[in-house]
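The values are calculated or read from the model by the stated rules, or taken from the named source; none is laboratory data. A quick note: this is a predicted structure, and the numbers were derived from the prediction, not measured. Backbone-built Cβ (ideal geometry, glycine too); neighbour counts: all protein chains shown.
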Amino acid sequence: MSETVPAPTASRGAAFLGVSLKLYLDHPTTLEWCRSVSDIAIDCAAIGDGRVELVVLPAVTALSAVAEILGPAGVAIGGQDLWAEDRGPFTGEISGADLVAIGCRFVEVGHAERRRIFGETDEVVRRKLAAAARNGLTPLLCIGEEHRGNARDAAGECIRQLRAAVDGDDGKAPGLRDLIIAYEPAWAIGAAEAAPPAHIALVCSAIKRWAGNRLNATSVRVIYGGAAGEGTVSKLGDSVDGLFLGRSAHDPARLARVICEVSAC
């Protein structure tokens, strides 16, 4: 496979920007960051008119407070994880039903750190994806290869993970409607720079083709994460539908620049 950037495809509407705070910021710092982001969003025409959809995933302990700060500014919130069951003897876990009750519209599923640190298997990811769909949450399903290699092998591993997550070959995860697929090569997470643009474009194009042919969701978007930040979208063009940002967006000024970039303001 020649690693050249595919020709741009038609735009799929609003650019999606997700920001995960992981466990980097303490509670007061999280709220301070959210107030800064709220000011940015209120002043941003692209968020106000729907050209950019901004979603923030804070620590679960901050979700309610963050919803109060960001909701009036048109910024959605999501959980960084959920459990596969809504109720029961699951100490320390998070119910999708409760995420919805406190204002979440999105939830992250299958992040590489969950798979690596907490041992989440394909089966656990599949059950969590079903739980998100059952509760009306839009899943941000993270997939990606562990080790750096060629784009063909990376695409094959991503499609394998995607197939496993949507319950086999039929693409009929229960109640799945909207799905955001975040391509995050594990080797690029926390790295100094993102994966090469041609690599990202080829893998995301393969994911889009598979998802378009096999999934029964009403809407499927493919975004990129893994050392993403300023300049990433400019290099990728229409090969992605947005970005999943990490530490680069923990500086509100840098996040504002990315918003401006993706909206071509």
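Yes/no matrix, rows are residues, columns are (1) crowded, with 23+ Cβ neighbours inside 10 Å; (2) free of Cβ contacts under 8 Å to residues at least 60 places away in the same chain:
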| position | (1), (2) |
| --- | --- |
| LEU140 | yes, no |
| ASN150 | no, no |
| ALA165 | yes, yes |
| LEU179 | yes, yes |
| HIS199 | no, no |
| SER219 | no, yes |
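A single member of ILE102, ILE47 is in contact with a Gly (Cβ under 6 Å, 6 or more places away or on another chain) and either hydroxyl-bearing (Ser, Thr, Tyr) or modelled with pLDDT of 95 or more (or both), and it is ILE47.
The C-beta contact set for the range 229-251 (first residue more than 11 Å from ALA194 (Cα to Cα) and modelled with pLDDT of 95 or more, second residue in a loop (DSSP other than H, G, I, E, B) and among the hydroxyl-bearing types (Ser, Thr, Tyr), distance under 7 angstrom, 6+ apart or interchain) comprises HIS250/TYR24.
Within the option set ALA15, ALA73, ALA46, being closer than 26 Å to ALA253 by Cα and surrounded by 21 or more Cβ atoms within 10 Å (Cβ to Cβ) holds for one residue only, ALA15. Close contacts from the range 78-89, counting a first residue that is of a type in the set (A, V, I, L, M, F, W, C) and a second that is surrounded by 14 or more Cβ atoms within 10 Å (Cβ to Cβ) and assigned to a strand (DSSP E or B), with Cβ to Cβ under 9 Å and a gap of 6+ residues or different chains, come to LEU82/VAL107; LEU82/GLU108; LEU82/VAL109.
Kindly provide the set of residues from the range 101-112 that are crowded, with 18+ Cβ neighbours inside 10 Å and part of a helix (DSSP H, G or I), ordered by number. Once the filter is applied, which keeps residues that are crowded, with 18+ Cβ neighbours inside 10 Å and part of a helix (DSSP H, G or I), the range 101-112 yields only ALA112. Can we say VAL55 is surrounded by 22 or more Cβ atoms within 10 Å (Cβ to Cβ) and within 21 Å of ASP241 (Cβ to Cβ)? It is true that VAL55 is surrounded by 22 or more Cβ atoms within 10 Å (Cβ to Cβ) and within 21 Å of ASP241 (Cβ to Cβ). Scanning the range 231-265 for residues that are acidic (Asp, Glu) and either in contact with a Ser or Thr (Cβ under 7 Å, 6 or more places away or on another chain) or surrounded by fewer than 16 Cβ atoms within 10 Å (Cβ to Cβ) (or both) yields ASP238, ASP251, GLU261.
Taking the criterion of being of a type in the set (Lys, Arg) and not in a helix (DSSP H, G or I), the only residue of the range 209-230 that qualifies is ARG221.
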